[in-house]
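All remarks here apply to the structure that follows.
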Amino acid sequence: MAQHPSAASRGQRRFIALIVAAGLVGAVFMSLAMTNTLSAFVASITNSNDTAATGSLVLQETGATGTAACNSTDGAGGISDNAYATCTTFNKYGGSTTMIPSNATGTTNTVTTTVNFKNTGTVAASAFTMAFGACTQSNNGAANGSATDFCSKLHVKVVSGATVVQADTTAAALANTTVTLPAALIPAVNSGSTVPFTFTTYIDSSAGNTYQGLQASQPITWSLSS
């Protein structure tokens with residue numbers, strides 16, 4: 001006669017099966033909860049064009065005819081220095097070696113020189129200055145007078161159109177001074193327009209024979225700032 005499993009054994013097997021099934025269901029729900037896929041919605045935007053860059057401020061000087069330019073970036077350091085300290089192309093005082101004294105009003109025997117400035121960069125400037133360095137005296141030619149204050153006899157005037165930029169004074173008085181130019185004379189950024197400056201120099205009428213054969217030199221630094 002065949003033997004049948006007892007009722008107790010069959011009950012144990014059903015119980016064990018229920019426990020395993022319950023464990024599997026729990027594992028599935030735990031997995032779904034941990035991966036956040038049961039009931040979440042997600043929306044996103046990624047900005048892929050977030051950039052920032054600097055512009056440039058470049059000062060350009062040209063002669064009266066607009067040729068032979070000097071640029072602030074012409075120095076060895078280029079745009080990193082942006083300070084061209086050896087531009088010898090333009091002699092603001094005219095470079096004459098045969099000047100003689102003017103009349104008392106300073107209207108005769110004058111030398112006039114015009115230069116133009118542009119901002120060829122991409123950044124607008126807020127200030128423009130003209131700084132005069134020290135005035136130094138030297139000999140001109142073989143016959144030289146004995147005076148030692150030639151810079152005090154060399155007069156300088158600067159205008160831009162009808163605007164007086166620097167009133168008539170001597171190169172000695174201008175030494176180590178800075179002129180802040182009017183806002184209207186700040187070169188516009190990358191516009192192609194130029195701002196002219198005209199220098200007029202003459203020798204004071206009081207200069208006698210002791211001032212013959214002498215020469216004065218004075219550097220001028222032009223600076224744009226943003």
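The values are calculated or read from the model by the stated rules, or taken from the named source; none is laboratory data. Model, not experiment: these values are computed from the prediction. Because the Cβ atoms are built from the backbone with ideal geometry, glycine has one as well, and the counts that use them run over all protein chains shown.
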Problem - Verdict on F128 being of a type outside the set (A, V, I, L, M), over 30 Å from N209 (Cα atoms) and in contact with a helix residue (DSSP H, G or I) (Cβ under 7 Å, 6 or more places away or on another chain) - result: yes
Exercise for the section: Just need a number here: residues in the stretch 37-69 that are part of a strand (DSSP E or B) and farther than 14 Å from P187 by Cβ. Expected result: 1
Problem - Filter result for G192 (under 29 Å from P101 (Cα atoms) and either in the same structural domain as V111 (by TED's automatic domain parsing) or touching a Cys at 6+ places or on another chain (Cβ under 6 Å) (or both)) - result: no
Practice task
Looking at (1) in contact (Cβ under 8 Å) with a residue 40 or more places away in the chain; (2) at positive phi, find the lone condition where M130 falls short.
Solution key: (2)
Practice task
Look at A69 and say whether it is touching a residue at least 24 places away in the same chain (Cβ under 8 Å), in contact with a strand residue (DSSP E or B) (Cβ under 6 Å, 6 or more places away or on another chain) and hydrophobic (A, V, I, L, M, F, W, C).
Solution key: no
Exercise for the section: Return yes or no: is A173 closer than 22 Å to T86 by Cβ and assigned by TED's automatic domain parsing to the domain that holds G208? Expected result: no
Problem - Test: G95 is touching a His at 6+ places or on another chain (Cβ under 9 Å), in the same structural domain as G213 (by TED's automatic domain parsing) and closer than 13 Å to L154 by Cα - result: no
Problem - One residue from F90, F117 being modelled with pLDDT under 95, farther than 18 Å from S206 by Cα, touching a strand residue (DSSP E or B) at 6+ places or on another chain (Cβ under 9 Å) and not acidic (D, E) - result: F90
Handout entry: Any chance T148 is in a loop (DSSP other than H, G, I, E, B), loosely packed, with under 13 Cβ neighbours inside 10 Å and not small (G, A, S)
Key = yes
Handout entry: Restricting the stretch 77-114 to residues that are more than 23 Å from S217 (Cβ to Cβ) and part of a loop (DSSP other than H, G, I, E, B), the residue that is nearest to the chain's Cα centre (by Cα)
Key = N82
Fill in the blank from the handout: Okay, strands (runs of 3 or more DSSP E) sitting entirely in the stretch 158-216 with 3 or more residues that are more than 22 Å from the chain's Cα centre (by Cα), I get 163-170, 195-203
